[in-house]
Each structure stands twice: as structure tokens, then as C-alpha cells.
Amino acid sequence: MNNFFFPNKITSLIFGTFSNALSILFFIVIAFVFLGKENFGYLTGLFILENILILFDLGINYYIIKRLSLANTIVKVKIIIFCIKRIIIFNIIFFFFNIIFIKFFFWDKIINENTNLSLFLTLVTTSVVITRIFINFFKTILIGNNDQIMVGKLQFISSFSKIIIFISFLFFFQTIKGLLIAYYLGFLIELLLYLQVIFKKFKINLSFSKAYKLKKNYFTSFKNTLLFSLSLIVFLNIDRILLSYKSSVDAIGEYNFIKTILFGFYIISGGYFYTLLTSLSRRSNNIFIEEKIIKNIKSLNKILIFFVVLNLLYFEKFFYDLKINLFINIENFLIFKIILLATYFSALGQIFISFQIAKSYLKIPTIINCAIIIFSLIIGSLIIIPYGMKEAAFLYLFINVLSLALNVIFLNYRYKDIFTNIFIWTVIKNIFYNFTLAFFILIPINQIVYSFSKIIFYLIVTVLLFYFFYLSQRNIILIDNK
């Protein structure tokens, strides 16, 4: 297993992240299938709160990766102790904030007939988020210490244990409380695995005598990152927040399931995001930055657009031919396709966000996010009605397209040496080319092959999907080798 699955650092991270994503996907599917739409709707708050991880990934964890990779062992330990003390303080405040405010303003409003359930959901979801904050923190320490292979192994082992726990749930505890306890136990085991490795490797002693001071410019950078991260968290969830207050629990459950499944896009786009983030942070050459961003966009579009078009055209076929309808009750295919498009534009926008974060140009994107949030609250409160999933989906699509457009316009105005008119036109042509190519490939295959043999049709589609993924990753490897 060491040689095959974990041959190098990059492959180890990809394999570990993918196995972890599969375990979470397994959780989402069994939750929707065995609990039904109504109970799954109660998990909305969990998925919204988990976006707090964005704050740490863009702020503290990114700082740790940069500093640890350059520090000696003694300084590494001081950095870890400095950050872990502040994360503990944050988590204590976060816990009581959820108990006092989130329970009253969110859970009690959604589950107004069962205060005991709302208290349970508050406690468990808060504990899950706190546990995941620590997991991501320790994972970041290992990445900053160039222990990516260890991260991959830990993610694989923890993912396997989570699936075992979820399967046990299917036999013993088919309730929302049982499922959430199983979900929490899976992450608790993962945390214990990281703790064992981290404390053994660094011999951490939380003594207050080990002092470490941050550079002054980091506080300004972190403040800007904090504000941007908070605006991004609300931006990505404004549709679910509005829907939670305006619609039935069944509608919330189905919408939340679709959106959570499609967040899997970020497994792919996240790789591009973090690759660009670290690369652009070290470079100041405008020509290099422009070429790097364009080539990453082209690589991302190869796989992402093909997958989008494939599902826009044939999602209904997949759903019924593969008998998914026997397990998952989804009735609104249009909503799936709208959110699919919205998620594509959101994933594409991460490329531009990676540049802004790497260069600490965060004031304008933060203002853009806040303006769109205010706009969404006004419009969303008017158009989203009971069972208003379609309106929420269209709102989510619109704000993602609007955010991408506004950020590109700003970058074109402020950083003309990089984001030139030629740059923007190149990106537009690439998007149009890949969408056109995908349609021209997939439509004839459907018309010629599907009526002849469904098996051959699905075989061809699968081969094409892997081929486009291969092309996209081959381009990235060529870029990174330059």
C-alpha cells in the first residue's frame, strides 16, 4: 500500500482527500436515504457551521504552512504552541456563542416544536465543527513540515473507520441523533490519530514559557483575511439561510442534499486553489502570474465543464437507468442543474480568489461579497416562498455569476498588467470552447449509441470522463515542471 497509494507527496494528498470525501459522501447519502428529507433538512445548520473551516484554512492554516516550511524544529514547536492556544480560546468562545445565540436564532426557529432536539443539534454540530478545526490545524502542521505522505495515510485510515461507524449506524441507530453521534465519533477518531502523530513528532509542551511573536504585518493581513473569510462563509450559504427561514423542512432537506453533494466540485478546484496560492505567494513576475493563472483555468475547465455538460444533458438518464431513484428521492432535477452551474462559476472564481489572497488584495472582494449579501437578503426575502427551492437556486446562480464578473472587472481595472483585456478574452474563449466541445461530443453519442446500447453509452461516457481528467492533470504536471 505504501508504494502504490502513497508514492509521493502530491499523490498522497490527492488520495487522502479523495478517500475522506468519499466517507463524507457516504454519510450524506445514508442520511438522506434513511432519515428522509425532513430530518436531513435539520442538518442544514451543520453544513453551514462547517464553513467556519474556511476562516481557518485561509487565515491561520495558510500562515502555518508558509512559516513551518521555513522554520527549524524549535521555532516550529513555538509556532504550533502559539496557534493552538489561540485556537482553544476561539473554540471555547465559539461553543458558548452557539449555545447562547445560534440555538435561539437558528435551531429554535427551525425546530420550534422540539427544544430538546434543538439543544442536541446545537451541542453536536458545535462539537463536530470544533473537532474539525483541530483536525485541519494538525493536518496543516504536517503539510508545513513536509509530511504529506503521513497526512494521506491518516486520512485513508480515518475515512475507513468513519465508513465502518456509519455502517454500524445503519444496523443500530437509524435516527438523526444516532447519525450525528456516528458522524462526530468518526471525526473524533481522526483527531485522536492526528494527536498521536503530532505530539510524538514535535514533543509539544503547552508551557507558557515558550514564547513566539508574530510579525506586525501579519496582524493586518490576518484581519483582512478574517473579514474576507466571514463574508465568504455567508456568501456561500445565503441561499440556504434564507430557505431555512422561508420554506418547509422537506424543501430544505432536498435543497441541502443537492447543494452538499455538488460541493464535491471543490475537491477538484481546491487543488488548483492551494497550488496557485502557494505559487503566487512566492512570485512577483507579472508574466509568470498571468501565464500560471490562464493555464490553471484551462486545465480546470477541461474536466469541470465536461462534467457540467454531461449532467446538464443526461442527469435524468443516470438517475433512472442506474436505479438511483430507488434509494434517493430527488424530484427537482432543474434545481440540481441550476446549482450545478452555480457551483461551476463558484469553483472558477476560486482561481481569481487565490491571486487576491496570495497578494493580500482582499478589501475589494470583501466589499463585493458584503454588497451581494445585502442584495440577496433584500431580494431573497421577497422571492423565496414556501417550497421556494427554484428561486433560491436561481438566486445562488445569479450571485455567483455576479461575484465572478465583479471580481474580474476589478482585477482588470486595478491590475491591468496581469488581467489584461487579452487575458479576459482568452478565458471567455476557453469557457465557450470547452462548453461547445462537450456538447458536440456528448449529443451525437447519445443519439447514436444510447438507443443501440445503454451499456456501451455509459462505457464511452466513463472513458471520456477519465480521459478529460487525464488531459487536465497532464497539463498541470507540465505547468509545475516548468
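The values are calculated or read from the model by the stated rules, or taken from the named source; none is laboratory data. All values derive from a computational prediction rather than experimental measurement. In this analysis, Cβ positions are derived from the backbone assuming ideal geometry, glycine residues included, and neighbour counts consider all displayed protein chains.
Are any of the residues in the range 382-404 closer than 18 Å to V427 by Cα and either polar (S, T, N, Q) or outside any helix (DSSP H, G or I) (or both)?
Yes - at least one qualifying residue is present in the range 382-404.
Scanning the range 116-163 for residues that are of a type in the set (D, E, K, R) and either outside the structural domain of F26 (by TED's automatic domain parsing) or modelled with pLDDT under 80 (or both) gives a single hit, D147. The residues of the range 407-455 that are surrounded by 13 or more Cβ atoms within 10 Å (Cβ to Cβ) and aromatic (F, W, Y), listed by number, are F410, Y415, F419, F423, Y433, F435, F439, Y450. A single entry from A405, A358 fulfils the requirement of being free of Cβ contacts under 8 Å to residues at least 24 places away in the same chain and over 23 Å from L243 (Cβ atoms): A405.
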